[in-house]
Amino acid sequence: QVQLVESGGGLVQPGGSLRLSCAASGSIFSINVMGWYRQAPGKERELVAVIISGGHTNYKDSVKGRFNISRDNAKKTVYLQMNSQKPEDTAVYYCNINERGTNYWGQGTQVTVSS
């Protein structure tokens, strides 16, 4: 059993920054892919950023240059630093990991960008 606990969401003004964290616990042997997805009201869940075990990253085009994903393998934690935020970044953000071929999801954390 694997659990993901997210933190760091909240309300931020346009141009501001937030940092999301997601800590994994439980029966974990090897985490290959860690990532963040988001889902805005009335829209499908979409990939924001992923980082694989070797450190390679991939980002949604609209967040490139503003968001940064990183991971701490010892802590089994993935982070998403979000800078220069825009109202269109408003969504519920979900952490996702792939551990030995199985996907696990966090409970989601709300990020609202508004003045």
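Hey, can you find the accessible area per residue of the range 31-111 for me, probe 1.4 Å, expressed in square angstrom?
Values: 4140 Å² over 81 residues.
Each residue of the range 31-111 exposes 51 Å² on average to a 1.4 Å probe.
Could you state the principal axis extents of the C-alpha atoms in the range 43-84, from the largest down, to the nearest angstrom?
33, 23, 16
Can you tally the net charge around V78? Count Lys and Arg as +1, Asp and Glu as -1, for every other residue whose Cβ sits under 15 Å from the Cβ of V78.
With Lys, Arg at +1 and Asp, Glu at -1, the net is +2.
Rank I69, I28, I52 by accessible area, highest first, at a 1.4 Å probe radius?
I52, I28, I69
Restricting things to alpha carbons, tell me how big the chain is in terms of Rg and Dmax, in Å.
Both quantities, over Cα of the chain: 13.5, 43 Å.
On the protein heavy atoms, probe 1.4 angstrom, tell me the percent of accessible surface of the chain carried by carbon and sulfur.
Details: 2800 of 6040 Å².
Using a 1.4 Å probe with all protein chains present, the chain comes out at 46 percent carbon and sulfur.
With a sphere of radius 15 Å drawn around the Cβ of Q39, what net charge do the other residues whose Cβ falls strictly inside it have (Lys, Arg +1; Asp, Glu -1)?
-1
The values are calculated or read from the model by the stated rules, or taken from the named source; none is laboratory data. Given the structure is predicted, the values throughout are model-derived calculations rather than measurements. Don't worry about glycine lacking a Cβ; one is built from the backbone with ideal geometry, like all the others, and counts go over all protein chains shown. Accessible surface areas use protein heavy atoms only, side chains included; no ligands, DNA or RNA. Shrake-Rupley method; radii C 1.70, N 1.55, O 1.52, S 1.80 Å.
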